[in-house]
1. Do you know which residues across region 182-223 are among the aliphatic types (A, V, I, L, M), surrounded by fewer than 20 Cβ atoms within 10 Å (Cβ to Cβ) and within 18 Å of ALA261 (Cα to Cα)?
2. Among the residues of region 412-423, what is the count of those that are over 17 Å from GLY307 (Cα atoms) and either in contact with a helix residue (DSSP H, G or I) (Cβ under 7 Å, 6 or more places away or on another chain) or polar (S, T, N, Q) (or both)?
3. Give the residue that is surrounded by the fewest Cβ atoms within 10 Å (Cβ to Cβ), with candidates limited to residues of region 374-405 that are under 17 Å from LEU304 (Cα atoms) and among the aliphatic types (A, V, I, L, M).
4. Against the condition surrounded by fewer than 16 Cβ atoms within 10 Å (Cβ to Cβ), under 30 Å from PHE114 (Cβ atoms), assigned by TED's automatic domain parsing to the domain that holds GLY411 and not aromatic (Phe, Trp, Tyr), how does ALA143 come out, does it pass?
5. Just to be sure I understand, how many residues within region 241-267 are over 26 Å from GLN29 (Cα atoms) and crowded, with 24+ Cβ neighbours inside 10 Å?
6. Would a scan of region 268-275 turn up a residue that is surrounded by fewer than 24 Cβ atoms within 10 Å (Cβ to Cβ), in contact with a Pro (Cβ under 7 Å, 6 or more places away or on another chain) and either of a type outside the set (Asp, Glu) or closer than 30 Å to ARG356 by Cα (or both)?
7. Spot the failing condition for THR72; the list is (1) within 18 Å of PRO148 (Cβ to Cβ); (2) surrounded by fewer than 18 Cβ atoms within 10 Å (Cβ to Cβ); (3) under 31 Å from the mean Cα position of the chain (by Cα), and only one is missed.
8. Select from region 11-36 the residues that are small (Gly, Ala, Ser) and exposed (fewer than 12 other Cβ atoms within 10 Å of the Cβ) and write down the one among them that is nearest to ASP147 (Cα to Cα).
Amino acid sequence: MQQIAGGAAIFPAAPTALRNGDVEHAYRQDSDLYYLTGLEENGSVAVLVPDQPENRFVLFVLPKDRNREIWTGWRVGEESAKQDYGADAAFSIDKLEEELPKLIARADRIYYRFGTDPEFDERMTRLMQRFNHQRQRDGYGPAAVFDPSDILHEMRLVKTPEDIEDLMRAVGITCEGHIAAAKKLRPGAFEYEVQAELEYVFRKNGSPRNGYASIVAAGSNATVLHYTTNNQRIRDGDLVLIDAGTEFGYFTGDVTRTWPANGVFSDAQRELYEVVLTAQLEAIDMVKPGASFIEPHDRAVRALTEGMIRLGLLEGDVAKAIEQGDYRKFYMHRTSHWLGLDVHDVGRYKSGEQWRTLEPGMVLTIEPGLYLAEDLEGVPERYRGVGIRIEDDVLVTSAGNCVLSDLVPKGIDEIEALMLEAR
């Protein structure tokens, strides 16, 4: 409200999405609208008008309709929008065209993000055309549209204590799922069986949905970064990469571990895994207030490159191999992204040409990996068809960092002990 003084901000709910026929995908609210209001209902719109004397926060919601509620469930309604969600005023969404222009007529600008809902985009375009005529006639009305993410997403980037509480719960449930999945791993099982165990634990612990599609990738499937087919049989000797996270309070965990299907790493797997683990631990050490966002990535790249040269995957000088990007043959993604209400959460990584500085309350992933496809030329046979990634969720604190996902083992001896115990 303080940062948009003189203007008005409009946040529509996420549109529903058709799955097939007349079946819709399970609904998940737009993260910005949820962050501001806690309202999960589809078909709603939040309007913020700081300079309105009375109705500074207004909600438009689906009308109460007993017949519709019999089929699709309880609706919030106008009274609950005020009593339970704190709105100064509430209207049926049917009155949006009538009431919205009145609410924002005296604002000098509008904050609205185009590109998410084409139908609502058209509505906003018509509204601005209407205000263009009004300004010519009356001398007032919004003259420009700004993207609210420049303000709101920077707020979302630095988590409040309440945000961190929900995020820690999401990560905690995620960790429990990963441990259960590791204990379920057996040669001969299918990837989807492991996925079912993982997501059963998510749901059992109160998470309503995943933060993203679970990856359970055995053998060479792990060299496909976003593999989600999860339908292959796990073979004896495979490594199984599991990348999965679940939501709590709309915040999501994002954790990856790589497990030996038979409970024991082969010598070649151990050699590659130790390179990735060293890179991950060194990158985590770089997470602290005042550090640049890119420093953990740079440290991970150096450690990975040193390890690849040592194993004979790369040749030559470390600095030169990094400068030339040789490592990208086996490591082709960045080490970190922001984490929060979205798995790839909002907030700028750079300001101009400068990488931004880490601050307490920011949460980022640390996830180096190595990916050696089965048909990759110039790679020793013992390393082919192996994908390894180790990912943790790390909170920047005033004293340094806190690894929120450290419940899940990642040291080789710890992993083998856990899997032996499960057998």
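The values are calculated or read from the model by the stated rules, or taken from the named source; none is laboratory data. This is a predicted model, so every value here is computed, not measured. Note: ideal-geometry Cβ built from the backbone for every residue, glycine included; neighbour counts use all protein chains shown.
1. Residues satisfying the conditions are ALA189, ALA196.
2. Qualifying residue count, region 412-423: 3.
3. VAL379
4. No.
5. The total comes to 5.
6. There is at least one residue in region 268-275 that is surrounded by fewer than 24 Cβ atoms within 10 Å (Cβ to Cβ), in contact with a Pro (Cβ under 7 Å, 6 or more places away or on another chain) and either of a type outside the set (Asp, Glu) or closer than 30 Å to ARG356 by Cα (or both).
7. (1)
8. ALA17
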